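One structure below.
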Amino acid sequence: MTTPNNFDIESDSLWDLVIRRMRATGDQTMVVDEYDRAETFSSVARAAERVAAGLLALGITPGSTVSWQLPTRIDTIVLTLALSRLGVIQNPIIPIYRSREVGAMIRQCNSEWLITLDNFRGFDHRVMAEELRAASNDALKVLTIVDGLPEGAPCPQRRQARTMWCAGSTPRRGRRRHQRVYVTPTVR
């Protein structure tokens, strides 16, 4: 039997872990932000379901490669889970990187999408994203988060893959990125 103190963490995807935890302890707090806004496992999972549906409606589909450059916030956790729910290959990029680094990372990952904020800590990420889109001959699609994540009715598919850049790595030729792919072709 699984208890909050003895939770089985083996799983095929991040989404599966959250769903399993939600079923075991759904009303317990999962995350608290700097403004003391708290969300439970159940509320985060429900929000991720709605966001996954919104992303799917925009054209982000299972197997797509999505780079995202967002600060650490509850919405970023929800986005990560929504992308995991869809079975998207994720490439998280920390917000301190600018056009040169972000461009190299999205090219190396063959990203189809870049999700970012309009402005963060005085830097206009929207302008940078649009410049990267133009440099890709409009092959890169850009989603700029202004008034919240897109939402819709819950969606039916899930798979996960994520690319992680290790500390000290750069997108220059010869450097390595680490990738772990989880595929769960289960339909709920």
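Values computed for the structure shown
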item: Around ILE77: net Lys/Arg minus Asp/Glu count, Cβ-Cβ under 11 Å; result: -2
item: Amide hydrogen neighbours beyond the local backbone of LYS141, cut-off 5 Å, H modeled; result: TRP113, LEU114
item: Three-way shape label, the stretch 46-85, alpha-carbon gyration tensor, a/c 1.5; result: oblate
item: Fully extended contour minus Cα-Cα distance, from VAL127 to ASP33, at 0.36 nm per residue; result: 31.1 nm
item: Taking N as its residue count, the alpha carbon Rg of the stretch 1-159 over 2.2 N^0.38 Å; result: 1.08
item: Peptide ranges 53-59, 105-111, 21-27 listed from the most packed, as the mean C-beta count within 10 angstrom indicates; result: 105-111, 53-59, 21-27
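Throughout, read-outs are computed from the coordinates displayed, never taken from laboratory work. All figures in this text were calculated on a predicted structure; none of them were measured in a lab. All Cβ positions, even for glycine, are placed from backbone atoms using ideal geometry, and neighbour counts span all protein chains on display.
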